[in-house]
Amino acid sequence: MRQILNEVTERIRERSAPTRKAYLQRIEETLKRARGSDRMGCANVAHAFAAMPENDKFRIIAEKAPHIGIVTAYNDMLSAHQPYEVYPAIIRDEARKHGATVQVAGGVPAMCDGITQGEPGMELSLFSRDVIAMSTAVALSHDVFDAALLLGVCDKIVPGLLIGALNFGHLPCVFVPAGPMSTGIDNTTKSKVREKFAQGLCDRDELLASESAAYHGAGTCTFYGTANSNQMLLEAMGLHVPGAAFVHPHDGMREALTRESVRTVLSNIQGRRFTPIGQLVDERVIVNAIVALLATGGSTNHCIHWVAVARAAGIIIDWSDFSKLSQDTPLLARVYPNGTADVNEFQNAGGPSFVIRELIEGGYMHADVSSVVIGGLRDFCKKPVMFDNELTWIDLPEESPDETIVRSPRKPFSASGGLRLLTGNLGRAVIKTSSVPEDRMIIEAPAIVFHAQEELLAAFERGELEKDFVAVVRFQGPRANGMPELHKLTPPLSVLQGKGFKVAIVTDGRMSGASGKVPAAIHVSPEALASGPISKIRTGDIIRLNAIVGTLNALVDQDQWNARSLQTMTEAERNNNGHGIGRELFGGMRGNVRSAEEGAVTWL
Ligand SMILES: O=C(O)[C@H](O)[C@@H](O)[C@H](O)[C@H](O)COP(=O)(O)O
Ligand code: SF4
C-alpha cells in the first residue's frame, strides 16, 4: 500500500473517530432488534403487507422469508432511469425463485441535469440530492425490510440514495444500474456544433438534430460526467454486482446482472456473510472512491457529493484529502471530456474493472475491504460475460487493449489525478485539470464580474468578450441560488479559447461533470453570499489561476484589498432566485445549507 494512501486514510480515521464510533454504535443497537414482522404491532404488519399475495404474507410472517425493499428513481425524464420501469417485476420474479419476497418501498425524485442545464430548474438540482436522501429514508422507514436494492444512476440520485441508505446502515444494500446509452454522434462533434451555434454559424434545426443524435435512446449519456462517475465510484466501493456499471440497458446480459443483484443481496442476508452497508462503507472504502474519481478524471461534483456521503456514515473528509490523494494517484483513463472516447469505448477497453485492478495492484487502493460479494474488491477486477446463457466473470487482458483510453500506472496519462485544490486570497476552490489543455493551466487576466450566467452569455452575444479575461460568476453558491451548474458557459468560452484568448471561469457555483476544457475554478468557498472574498473582486482586477501549483488569487494591493467592502446581491437578484419553478419551497435548504467543502449538506 502506498504511503500517501495510508497517511490520508489514517488521518480521516482519526478525524472521524467520534462520529464514526457513534454511527457504528447506532447500527449495532439497531441490529439487536427482531425483524420487522416479529417486532412491529399486528396492525403495522397487516398494513405493511395488506396488498401482497396471501402466500407472500405467509412466507414473510410464518416462514420468515427474507424481505427486500426496492427504492427506485424510475421516471421517463432521465434516459438513464427510463429502463427501471420494468425492474421491480424482474426483481420480484428472481426473489421468488429464492424463497424471498419484495416490495417497492418507495420512489425518489430524479432530475435530469441535461434538461435543466441553463434553466431555472437547475437551481433545485443540488438540493434534490438531499430530497432524494430524505425520500429514501421515507421509503425505508416502513422498517419491515431485511435488505434494500437501490435503483438510480444519475448525478444527485446515487449520492442521495447512498446518503439515505447509510441512514439505514443496518441493512445490506446493493445498487442496481441500468447501463449507458449506445453511442450516437461523438461528444466532440456534438460540442463543435454547439460552438458553431454559439457563433451564429448554424441554425437551431441543425443544433437540435445534432443534440438528438447524441441523446437518442434509453440509458445514461455517454460522456464521463457525474452520472458515469457515480457508476465508477460504486464499482470501486464494491456496491454493485461486479462489472455491472456499463452494460447497455437492452444488452441480454443486463437482465442477468439485475437478477444477480437479487442473489447478491440475498447472499448477504441468508448467512453466507452479512455486510450491512453502514459497516461496509468505512474510511478505506470512501478513500477508494476518491482514488477512483481521481484516476479517471471524474466529475468535480463529487468533491461535494462524496463529502456528504462520507458524513452520512460518520466519516469526515475535506478537499485537502482529495488534493493529497491526487498528488499520488495516476490518471489511468481518458473518457470525454478528458479525452475523445465515450463510456462505451471505455467499457470495451476494460472499463472500471481494468482501472480498479491496476489501482489495487499498484497499491493505490485498499484491496482488503468488504464489498457486496464474497470475494471482496478483487472480484471487481473481472469482466462479466454470458457463457452458456449463464452469467460469469473472466479475467481482463494484462495489457491495456487501447492505450488512448485506459493505461496502467506504469505509463499513466499523468502522474497525478484529474482534480486539484486551489487556495489563495479568494478562499478554496477545485479545478478539473484532466481536461484543461497544457497551455491553459496558468491564466492571469483581468476579471469581468457577473452575477448571473445570462449576463455573460449576453456579453458574448454583444461581442464584448473577444479578449483575455477571467469570468468571475458569483452569487452562484448554495445559499445564494442553490449552486447551479454553469455548463451553458462552456460553448462560448470554448469558442473564445479556440480563438486563442486566455479565458477562465472563477465561480462559487458548479460546472457539469461534462465540463472541462475551459479552466474553471469552481465551488469557491466561502461563497459570495457568505461573505466570501470572491465578493470583493471588481471588474478589472487581475486574477491569477495556477492549476499547476494549485493557487487562485486576486493580484490586488494588500491594503486596498483589506479595505474593500463585500459586494452584495441586489434585492432584484435575490428575488429572482427565490421564486418560480418551486424555488420558494427550497428557501429553508438555502438558509441551512453548509459550504460546498462541507458537502453542501442541508441536514446538519
Ligand atoms: O454533472 C454532469 O455530468 C451534468 O450535470 C450532466 O448530467 C448534464 O446532463 C450535462 O448538462 C450534460 O451535458 P450537456 O449539457 O453538454 O448535454
Ligand atoms: S447523464 Fe445527465 S443528461 Fe444524461 S440522463 Fe443523466 S442527468 Fe440526464
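What follows is calculated from the coordinates using simple rules that are stated; it is not laboratory data. As the structure is a computational prediction, the values presented were derived from the model and not from experiment. No Cβ is skipped: glycine too gets one built from the backbone with ideal geometry, and neighbour counts run over all protein chains shown.
Rounded to the nearest 20, the Cβ-based charge dipole of the range 395-512 about its Cα centre (Lys and Arg +1, Asp and Glu -1) stands at 400 debye.
3J(HN,Hα) couplings calculated from phi for the range 491-505 with the Karplus curve 6.51 cos²θ - 1.76 cosθ + 1.60 (θ = phi - 60°) are, in sequence order, x, x, 5, 5, 4, 5, 5, x, 7, x, 6, 8, 10, 7, 10 Hz; Gly and Pro show x. Modelled spin-label separation between Glu573 and Phe387, with each label point placed 7 Å from Cα along the Cα-to-Cβ direction: 6.2 nm.
Let me know the charge dipole size of the chain about its Cα centre in debye, to the nearest 20, where only the beta-carbon of Lys, Arg (+1) and Asp, Glu (-1) is charged.
1180 debye
Looking at the range 429-493, which GluC sites (Glu not before Pro) are DSSP coil and have at most 12 other C-beta atoms within 10 Å of their C-beta? The qualifying sites are Glu464, Glu466. Ordered by the number of other Cβ atoms lying within 10 Å of each residue's own Cβ, fewest first, His47, His142 fall into the sequence His47, His142.
So if the hydrodynamic radius of the chain is defined as the Kirkwood radius over C-alpha pairs, what does Stokes-Einstein give as its diffusion coefficient at 25 °C and 0.890 mPa s, in µm² per second? Spell out each step's value before the answer.
On the way: Rh = 24.5 Å.
Translational D for this selection: 100 µm²/s.
If you add up the charges near Pro18, with Lys and Arg at +1 and Asp and Glu at -1, over every other residue whose beta carbon is less than 14 angstrom from its beta carbon, what do you get? Summing Lys/Arg as +1 and Asp/Glu as -1 gives +4. Short-range pairs are left out: with C-alpha atoms under 8 Å and at least six residues apart, the relative contact order of the chain is 14 percent. Taking amide H as placed 1.01 Å from N in the peptide plane, Val601 has its amide H under 5 Å from the amide H of Arg594, each at least 5 places away in sequence or on another chain.
Exposure proxy shown here: for His240, His248, the number of other Cβ atoms within 10 Å sets the order, fewest to most, as His248, His240.
Assuming charge only on the beta carbon of Lys and Arg (+1) and of Asp and Glu (-1), the dipole of the range 419-598 about its Cα centre is about 300 debye to the nearest 20. Amide H to amide H distances under 5 Å link Ala147 with His67, Gly69, where only residues 5 or more positions off or on other chains count and H is placed in the peptide plane. 3J(HN,Hα) along the range 37-49: 6, 8, 7, 7, x, 4, 5, 4, 5, 4, 4, 4, 10 Hz, from the Karplus curve 6.51 cos²θ - 1.76 cosθ + 1.60 with θ = phi - 60°, whole Hz, x for Gly and Pro. Of the beta bridges in the chain, as assigned by DSSP with both residues counted there, near 45 percent are antiparallel.
In this rough spin-label picture, where each label sits 7 Å from Cα along the Cβ direction, the Arg33-Val138 distance is 2.0 nm.
Express as a percent, rounded to the nearest 5, the fraction of DSSP beta bridges in the range 419-598 (both residues included) that run antiparallel.
The answer is about 55 percent antiparallel.
Shown in residue order for the range 154-166 are the 3J(HN,Hα) couplings computed by the Karplus curve 6.51 cos²θ - 1.76 cosθ + 1.60 at θ = phi - 60°: 7, 2, 8, 6, 4, x, x, 4, 5, 4, x, 5, 5 Hz (x for Gly and Pro).
Under 8 Å for C-alpha pairs, at least 6 residues apart: give me the relative contact order for the range 419-598, rounded to a whole percent.
For the range 419-598, the relative contact order is 28 percent.
Applying a DSSP loop filter and a limit of 14 other Cβ atoms within 10 Å to the trypsin sites (Lys or Arg not before Pro) in the range 499-604 leaves Lys499, Arg538. The range 298-375 and the range 457-515 have Cα centres lying 27 Å from one another.
Charged neighbours of Leu555, selected by a Cβ distance under 11 Å, balance to -2 (K, R count +1; D, E count -1). Loop-resident chymotrypsin sites (Phe, Trp or Tyr not before Pro) (DSSP state other than H, G, I, E or B) in the range 7-85 with no more than 14 further Cβ atoms inside 10 Å of their Cβ are absent.
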